[in-house]
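Chemist: Handing you this structure, nothing more for now.
The values are calculated or read from the model by the stated rules, or taken from the named source; none is laboratory data. None of these values were measured; they are calculated from a predicted model. Don't worry about glycine lacking a Cβ; one is built from the backbone with ideal geometry, like all the others, and counts go over all protein chains shown.
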Amino acid sequence: MKMKPIILASSSPRRREILEQVGVSFEIVPSDKEEIITKTKPYDIVKDLASMKANDVLLKVSKPSIIIGADTIVAHNDRIMGKPKDELDAKHMIQELQNDTHEVYTGVSIILSDYNDENILISKELNFYEKTSVSVTAISEDEIDAYVASKEPLDKAGAYAIQGRFATFISKIEGDYFNVVGLPIAKIYEALKREGITINYI
């Protein structure tokens with residue numbers, strides 16, 4: 001199957017960097033759809049939100065394409081942790097995660113769109129999630145305060161960036177590292193291969 005343009009339905013710099021790192025040619029068309037959560041299980045929530053984003057961008061794009069939507073959340077003891085509201089919220093999140101293991105879920109929606117025989121744009125959606133377990137070392141109050149003061153955790157699910165300064169507090173991960181960053185690129189690549197799609201590299 002001939003490769004159609006890849007469109008990333010996200011303005012996340014982390015997801016953009018992952019696609020750039022593997023050398024994939026892509027465009028960015030971010031979704032501005034309001035995120036409405038109707039499910040309770042982390043893996044259902046991320047799959048739904050990823051699908052909302054991808055389908056929102058599908059309405060904005062009028063050409064055959066591969067649209068990738070994604071959403072990432074952190075879950076600890078069945079409590080879902082999104083992005084912190086402020087520095088105090090970030091501090092509380094890190095206090096909860098330190099000296100324990102939590103899970104990171106990323107939902108992915110890949111929409112394959114093309115024209116049918118009547119020249120009408122049709123689509124097929126692939127929807128899945130990836131889960132990674134992350135273990136965090138014990139972190140002192142002063143270390144937490146210093147990390148929060150860096151502002152790094154303020155726009156991150158779970159209030160940390162595994163690829164940033166917080167890496168010094170990660171003792172172990174089980175699963176896909178890139179899933180924690182925000183995009184399980186290997187699983188996406190495998191899903192496209194199963195559809196007979198060959199990636200175009202820059």
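Chemist: Among the residues of segment 110-130, write down those that are in contact (Cβ under 8 Å) with a residue 24 or more places away in the chain and either touching an Asp or Glu at 6+ places or on another chain (Cβ under 6 Å) or not in a strand (DSSP E or B) (or both).
Modeler: Within segment 110-130, I111, E130 qualify.
Chemist: While we're looking at this one, here's another question. Looking at V108, V61 in this structure, which one is at pLDDT 95 or above and either more than 28 Å from K172 (Cα to Cα) or among the aliphatic types (A, V, I, L, M) (or both)?
Modeler: Only one candidate passes the filter, namely V108.
Chemist: Just to check your reading of the model, which residue among G164, G175 is surrounded by 13 or more Cβ atoms within 10 Å (Cβ to Cβ), more than 26 Å from L59 (Cβ to Cβ) and touching a Lys or Arg at 6+ places or on another chain (Cβ under 8 Å)?
Modeler: Just one listed residue meets the conditions, G175.
Chemist: Are any of the residues in segment 127-145 of a type outside the set (A, V, I, L, M), under 17 Å from P84 (Cβ atoms) and touching a strand residue (DSSP E or B) at 6+ places or on another chain (Cβ under 8 Å)?
Modeler: No: zero hits.
Chemist: I'm trying to understand the selection: among the residues of segment 15-51, which are more than 23 Å from Q163 (Cα to Cα), of a type in the set (A, V, I, L, M, F, W, C) and touching a residue at least 24 places away in the same chain (Cβ under 8 Å)?
Modeler: Within segment 15-51, V29, I45, L49 meet the criteria.
Chemist: Now for a separate question. Pull up segment 113-145, narrow it to residues that are farther than 26 Å from E17 by Cα and of a type in the set (A, V, I, L, M), then point me to the one that is surrounded by the most Cβ atoms within 10 Å (Cβ to Cβ).
Modeler: Step by step, filter segment 113-145, then rank; the result is I144.
Chemist: Which of (1) surrounded by 15 or more Cβ atoms within 10 Å (Cβ to Cβ); (2) modelled with pLDDT of 95 or more; (3) in contact with a Gly (Cβ under 9 Å, 6 or more places away or on another chain); (4) over 19 Å from I66 (Cβ atoms) is the odd one out, the single condition F169 does not satisfy?
Modeler: (3)
Chemist: Follow-up. Do we have any residue at all in segment 11-21 that's surrounded by fewer than 19 Cβ atoms within 10 Å (Cβ to Cβ), among the basic types (K, R) and at pLDDT 95 or above?
Modeler: yes
Chemist: Give segment 46-87 a look and list any residue that's assigned to a loop (DSSP other than H, G, I, E, B) and more than 17 Å from T106 (Cβ to Cβ), or say none. Show your work before the answer.
Modeler: Within segment 46-87, the first condition is being assigned to a loop (DSSP other than H, G, I, E, B), and the residues that meet it are 61-64, 77-78, 82-86.
Within segment 46-87, V61, S62, K63, P64, N77, D78, P84, K85, D86 qualify.
Chemist: Could you tell me which of the residues I45, I73, I68, I94 is surrounded by 13 or more Cβ atoms within 10 Å (Cβ to Cβ), within 20 Å of T132 (Cβ to Cβ) and out of contact with any helix residue (DSSP H, G or I) (no Cβ under 8 Å at 6 or more places or on another chain)?
Modeler: I45
Chemist: If you don't mind, there's one more thing I want to ask. With the condition kept exactly as written, say whether any residue in segment 30-44 is among the hydroxyl-bearing types (S, T, Y) and in a helix (DSSP H, G or I). Steps first, please.
Modeler: Within segment 30-44, the first condition is being among the hydroxyl-bearing types (S, T, Y), and the residues that meet it are 31, 38, 40, 43.
When the remaining residues are screened for being in a helix (DSSP H, G or I), the result is 43.
So far as segment 30-44 goes, yes, one or more of its residues are among the hydroxyl-bearing types (S, T, Y) and in a helix (DSSP H, G or I).
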